[in-house]
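Written below as structure tokens is the structure these notes are about.
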Amino acid sequence: MFDKIHEHEQVVFCNDDKTGLKAIIAIHDTTLGPALGGCRMQPYKSWEDALEDVLRLSKGMTYKCAAADVDFGGGKAVIVGDPATDKSPELFRAFGQFVESLNGRFYTGTDMGTTTEDFVHSLKETNCIVGVEEEYGGHGDSSVPTALGVMYGIQATSQMIWGTEDLSGRNFSIQGLGKVGEKIALRLIEEGANLYVTDINPQAVDAFLSRAKSMGAAVKAVEEHEIYSADADVFVPCALGGIINDDTIPQLKVKAVAGSANNQLLDIRHGRMLMERDILYAPDYIINAGGLIQVADELYEPNKDRVLRKTRAIYNSLLKVYQQSREEGITTVEAANNYCEQVIQNRRYQNSFFSHMKRPKWAVRT
């Protein structure tokens, strides 16, 4: 499994027998600044599965930070365990100690399977935690700007396909009704859209259907495997990654894929497959950057207006990617990657050119 690490600057395996902590921290690239990325908790079947996930996610964060114009590089952490049964304050304090040992090279916070409350315990061991509640110096729930950014991205996608931002009467298939997916679904209802929804948690589906009914919305619940073939205009993946693949692409009837899930494409070639089927793809690290923008902003002292302005810019960023893709005959993924790689390359040149000059210390929360 170690042959997969060569692209990364640093990979740390974290074990603490007393608390049962088993985690991996991956720092992909710090050209743009300290690595930033959430920490997810899942019952991975093996260290190999956990490593593959954290390496993919941390690399994606490098591109996301470059695209979002924040002074951070890419990193990610995963904790091996069941978030329903394996959490404890001591475990997250132990995790905080490992983060602190990296001396400011890595900042982290919530992700799938973890909550802001978990990292209150980590804060006792390190200041390198973001996305915490306002009473602890943060902006609070990062799923709010993430969902907002996806909505801006969906509007940009609509503008590209239909020449209008109006979503009323459009059909959307939403995979995942978690912290972000539910917020997107509710916003789409407010915009007059019709929904197909699914989630691995039947209770989440039932709760959402009840809420949608009270709003007079047209929502249909479907089985997990049926979401790909739903008769929708736009597929909105808001759960796990790798769901755009050889098996699912032939099932899609949509005109676009635009959602919050990370690493939606199982492989970069699947971006080409979508293009060949004339399905417009919103690169995930562009459209779902709202949460990143918020947590990055915390370290400059929180400013909600600044976060809103940068999140709104996702609309124009996505339109530029779409236009470049169309003009150059390349996939939207290639267009987005080219832009991000150029940003990183320019910064490497600047860092090298100004290396002889004294540079200001990067701001950290005290």
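The values are calculated or read from the model by the stated rules, or taken from the named source; none is laboratory data. All values reported here derive from a predicted model rather than from experimental measurement. Neighbour counts run over all protein chains shown; Cβ positions are idealised from the backbone, glycine included. Side chains are part of the model used for accessible areas, which takes the heavy atoms of the whole protein and leaves out ligands, DNA and RNA. Shrake-Rupley method; radii C 1.70, N 1.55, O 1.52, S 1.80 Å.
Among the listed residues ASN316, ASN337, which satisfies the condition of being assigned to a helix (DSSP H, G or I) and open to solvent by 50 Å² or more (accessible area, probe 1.4 Å)?
Numbers: ASN337 fails: open to solvent by 50 Å² or more (accessible area, probe 1.4 Å).
The match here is ASN316.
With the condition kept exactly as written, say whether any residue in region 258-273 is polar (S, T, N, Q) and under 13 Å from VAL333 (Cβ atoms).
Taking region 258-273 as the starting set, the residues that turn out to be polar (S, T, N, Q) are 260, 262-264.
Still in the list and also under 13 Å from VAL333 (Cβ atoms): 263-264.
Looking for residues that are polar (S, T, N, Q) and under 13 Å from VAL333 (Cβ atoms), one finds at least one in region 258-273, hence yes.
Conditions (1) open to solvent by less than 30 Å² (accessible area, probe 1.4 Å); (2) in a helix (DSSP H, G or I); (3) touching a residue at least 24 places away in the same chain (Cβ under 8 Å), marked per residue:
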position: ARG40; (1), (2), (3): yes, no, yes
position: GLU48; (1), (2), (3): no, yes, yes
position: VAL54; (1), (2), (3): yes, yes, yes
position: LEU57; (1), (2), (3): yes, yes, yes
position: MET61; (1), (2), (3): yes, yes, yes
position: LYS64; (1), (2), (3): yes, yes, yes
position: ALA67; (1), (2), (3): yes, yes, yes
position: ASP71; (1), (2), (3): no, no, yes
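Tell me, which strands (runs of 3 or more DSSP E) lie completely within region 192-286 with 1 or more residues that are open to solvent by 80 Å² or more (accessible area, probe 1.4 Å) and at negative phi? Step through it out loud before you land on a result.
Numbers: elements: 194-198, 219-221, 234-237.
Answer list for region 192-286: 219-221.
Go over the candidates VAL307, VAL343 one by one and state the one that is assigned to a helix (DSSP H, G or I) and over 20 Å from GLY60 (Cα atoms). Lay out the reasoning, then the answer.
Working: VAL343 fails: over 20 Å from GLY60 (Cα atoms).
VAL307 is the lone residue from the list that is assigned to a helix (DSSP H, G or I) and over 20 Å from GLY60 (Cα atoms).
Out of region 1-38, which residues are open to solvent by 10 Å² or more (accessible area, probe 1.4 Å), closer than 11 Å to GLY74 by Cβ and in a strand (DSSP E or B)?
Listed by number, the residues that qualify are HIS28, ASP29.
Can you name the residue in region 111-137 that is of a type in the set (Ser, Thr, Tyr) and open to solvent by less than 30 Å² (accessible area, probe 1.4 Å) and is also farthest from ILE27 (Cα to Cα) among such residues? I'd like the intermediate steps shown before the answer.
Let us first name the residues in region 111-137 that are of a type in the set (Ser, Thr, Tyr), namely 114-116, 122, 126, 136.
After this cut, where a residue has to be open to solvent by less than 30 Å² (accessible area, probe 1.4 Å) as well, the list is 114, 116, 122, 126.
On the way: THR114: 19, THR116: 22, SER122: 19, THR126: 17 Å.
Per the stated criteria, the residue is THR116.
For the structure I just gave you, tell me whether THR311 is surrounded by 21 or more Cβ atoms within 10 Å (Cβ to Cβ), more than 17 Å from ALA256 (Cβ to Cβ) and either at pLDDT 90 or above or not β-branched (Val, Ile, Thr) (or both). Step through it out loud before you land on a result.
Numbers: surrounded by 21 or more Cβ atoms within 10 Å (Cβ to Cβ): yes; more than 17 Å from ALA256 (Cβ to Cβ): yes; either at pLDDT 90 or above or not β-branched (Val, Ile, Thr) (or both): yes.
Yes.
Give me the pairs, please: first residue somewhere in region 337-348 and at negative phi and touching a residue at least 40 places away in the same chain (Cβ under 8 Å), second residue anywhere and among the polar types (S, T, N, Q) and open to solvent by less than 100 Å² (accessible area, probe 1.4 Å), beta-carbon distance under 8 Å, and either six or more positions apart or on two chains.
TYR339/GLN324; CYS340/THR62; ILE344/THR31; ILE344/THR62; ARG347/THR31; ARG348/THR31
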